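Notes follow the structure.
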Amino acid sequence: MKDLNYYLNLNYEIKLRKLTSEEGGGWFAEIPLLPGCISDGETPEEAIFNINDAKKCWFETCLELGRPVPEPLTGDFSGQLRIRMPKSLHRVLSEKAREENISLNQYINYQLARGVGYPTSAPKK
């Protein structure tokens with residue numbers, strides 16, 4: 001059974017940002033995987049302490065209401081992905097890869113990385 005302690009022991013990413021003076025100063029913390037789970041504090045340590053309290057309340061509310069709790073992804077990724085796409089898109093991607101004189105796999109990897117802001121190097125010809 002996945003109870004409060006189960007979720008509290010999962011490793012959720014916390015994003016921490018220094019607030020500008022216009023924003024009131026201090027530090028802002030959020031857990032992106034848990035919508036609306038945000039907090040702040042005068043110091044980074046206080047913001048982390050407060051976000052952990054907010055996380056606990058977030059979990060308690062979901063469990064009380066019977067709502068699903070998203071879990072962080074594990075690091076188990078094979079690097080392989082099977083995807084279905086329209087034939088017309090497959091054709092366009094293949095033509096673009098051929099124009100660059102690279103494999104379709106290299107071309108798709110490059111375009112996906114660019115789309116999400118992942119560091120890329122130009123496709124090698």
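The values are calculated or read from the model by the stated rules, or taken from the named source; none is laboratory data. It should be emphasised that the depicted structure is a prediction, and the values quoted were computed from it without experimental measurement. Reconstructed Cβ throughout: ideal geometry from the backbone, glycine too, with neighbour counts over all protein chains shown.
Of the strands (runs of 3 or more DSSP E) lying entirely inside segment 1-57, those containing at least 2 residues that are charged (D, E, K, R) span 15-18. Screening the candidates L63, L93 for the property of being out of contact with any Pro (no Cβ under 7 Å at 6 or more places or on another chain) and touching a residue at least 40 places away in the same chain (Cβ under 8 Å) yields one hit, L63.
I38 meets each of the listed conditions (1) closer than 16 Å to Y6 by Cβ; (2) without any contact (Cβ under 8 Å) to a residue 40 or more places away in the chain apart from (1). The residue of segment 81-109 that is surrounded by the fewest Cβ atoms within 10 Å (Cβ to Cβ), among those that are basic (K, R) and within 21 Å of S121 (Cβ to Cβ), is R98. Residues considered: N5, N9, N52. Of these, the only one that is surrounded by 15 or more Cβ atoms within 10 Å (Cβ to Cβ), free of Cβ contacts under 8 Å to residues at least 60 places away in the same chain and of a type outside the set (G, A, S) is N52. For segment 61-110, give me each residue that is of a type in the set (S, T, Y), within 30 Å of G36 (Cβ to Cβ), at pLDDT 90 or above and not assigned by TED's automatic domain parsing to the domain that holds N9. If the condition is that a residue be of a type in the set (S, T, Y), within 30 Å of G36 (Cβ to Cβ), at pLDDT 90 or above and not assigned by TED's automatic domain parsing to the domain that holds N9, then no residue fits.
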